[in-house]
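Novice: One structure is given below, represented as structure tokens, and several questions about it will come after.
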Amino acid sequence: MSDRMSLFCLNREDYIKTVSRIVREQIEAVGEDPDREGLRDTPERVAKLLRESLRGYCAEEEPKVTMFENRENYDEMIFDEGYFYSYCEHHMVPFFGKAFVAYIPDRKIIGISKLSRIVDHFAARLQIQERLTKQIAEFLQEKLEPKGVAVTLHARHLCREMRGVKKYNSKMTTTEVLSAFRTNPLTRQEFMNLVQNRLNGD
Ligand code: ZN
């Protein structure tokens, strides 16, 4: 971790002060009055939102992964569906959507609520969707040592929608599969079918 990054993680107030100053300058740069009522607290609000949105850089905010022994020898797919919000690293605007995470346990299982916390953690960084997908899958593979992991993200990118051709509600899909999901086409197909069913249900 760089020095600056540890400052971000350990000295929250300092980060908020620095970023507030920069945001105030941005407001001034467009010729707006940063002291008028509606804008007065904006720099600090933006800084606080950024601090929260980028907390995934801090190891101390990494979710505690409580695992249990797989006593029943459950060996079918465990599938979870949730939402995520991340920041595109090219434009620093959100990309967000659905996250599908599945694994086939070996010796360990994880509380289902933890899966979405892991997604949240890696999403709270400056990201590209491909890397986010990979980071979630690799983290689970490392911690859980399961027979396989699969992650699909299905997301809207505001940078794509706001600029240029303005394609409203266009979505991008990325998938990362490891171990059994990679080697066994049927397992992979089972996962992709579940994802497709959930997406069609929207
Ligand atoms: Zn972008």
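The values are calculated or read from the model by the stated rules, or taken from the named source; none is laboratory data. What you see is a predicted model, and the numbers here were worked out from it, not measured in a lab. As a convention, Cβ positions derive from the backbone with ideal geometry for all residues, glycine included, and neighbour counts pool all protein chains shown. For accessibility, only protein heavy atoms count, side chains too; no ligands or nucleic acids. Shrake-Rupley method; radii C 1.70, N 1.55, O 1.52, S 1.80 Å.
Novice: Counting Lys and Arg as +1 and Asp and Glu as -1, each charge on the Cβ, what is the dipole of segment 66-200 about the Cα centre in debye, to the nearest 20?
Specialist: Working: 20 positive and 16 negative charges, 129 e Å.
Once rounded to the nearest 20, the dipole reads 620 debye.
Novice: Given a 1.4 angstrom probe, what's the average accessible area per residue across the chain, in square angstrom?
Specialist: I get 59 Å² per residue for this part.
Novice: Note the full-extension length gain between Arg163 and Tyr74 as 0.36 nm times their separation in residues minus their Cα-Cα distance, in nm to one decimal. Numbers along the way, then the final one.
Specialist: On the way: separation 89, 0.36 × 89 = 32.04 nm, distance 4.75 nm.
Between Arg163 and Tyr74, full extension yields an extra 27.3 nm.
Novice: Restricting attention to the chain, give the cysteines that have no other cysteine Cβ less than 4.7 angstrom from their Cβ.
Specialist: Here Cys88, Cys159 come out as lacking a disulfide-compatible partner, given the Cβ-Cβ threshold of under 4.7 Å.
Novice: Taking Cα atoms, how many degrees apart are the long axis of helix 112-123 and the longest axis of the chain, rounded to 10 and kept between 0 and 90?
Specialist: 40
Novice: Okay, next question. Determine the share of segment 52-202's accessible area contributed by carbon and sulfur atoms, expressed in whole percent, with a 1.4 angstrom probe.
Specialist: On the way: 4120 of 8200 Å².
Carbon with sulfur: 50 percent of the solvent-accessible area.
Novice: By per-residue mean of other Cβ atoms within 10 Å, what is the highest-first order of 9-16, 95-102? It would help to have the intermediate numbers written out before the result.
Specialist: Working: 9-16: 14.0, 95-102: 22.1.
Per-residue Cβ counts within 10 Å, averaged per peptide and sorted highest first, yield 95-102, 9-16.
Novice: Moving on to the next point. If all Cα-Cα distances of the chain are sorted into 10 Å bins from 0 onward, what percent lands in each bin, rounded to whole numbers?
Specialist: Reading upward from the zero bin: 8, 29, 30, 20, 9, 3, 0.
Novice: Let me ask something else about it. Over all directions, the average projected area of the alpha-carbon convex hull for segment 59-154 comes to how many nm²?
Specialist: Computed as one quarter of the Cα hull surface, the answer is 5.8 nm².
Novice: Note down the accessible area of Lys17, probe 1.4 Å, to the nearest 10 Å².
Specialist: 140
Novice: With the cut-off at 32 Å, tell me which of the pairs Lys17/Lys166; Lys17/Lys171; Lys147/Lys171; Lys48/Lys167; Lys98/Lys143 have Cα atoms farther apart than that. Mind showing how you got there, number by number?
Specialist: Values: Lys17/Lys166 34 Å; Lys17/Lys171 36 Å; Lys147/Lys171 30 Å; Lys48/Lys167 30 Å; Lys98/Lys143 23 Å.
As for pairs spanning more than 32 Å Cα to Cα, those are Lys17/Lys166; Lys17/Lys171.
Novice: When the chain is modelled as a GNM with alpha-carbon springs shorter than 10 Å, which of Pro94, Pro105, Pro34 fluctuates the most?
Specialist: Pro34
Novice: So what is the 222 nm mean residue ellipticity for the chain from helices alone, if each DSSP H run of at least 4 adds -39500 (n - 2.57) and you divide by all residues, rounding to the nearest 500 deg cm²/dmol?
Specialist: -14000 deg cm²/dmol
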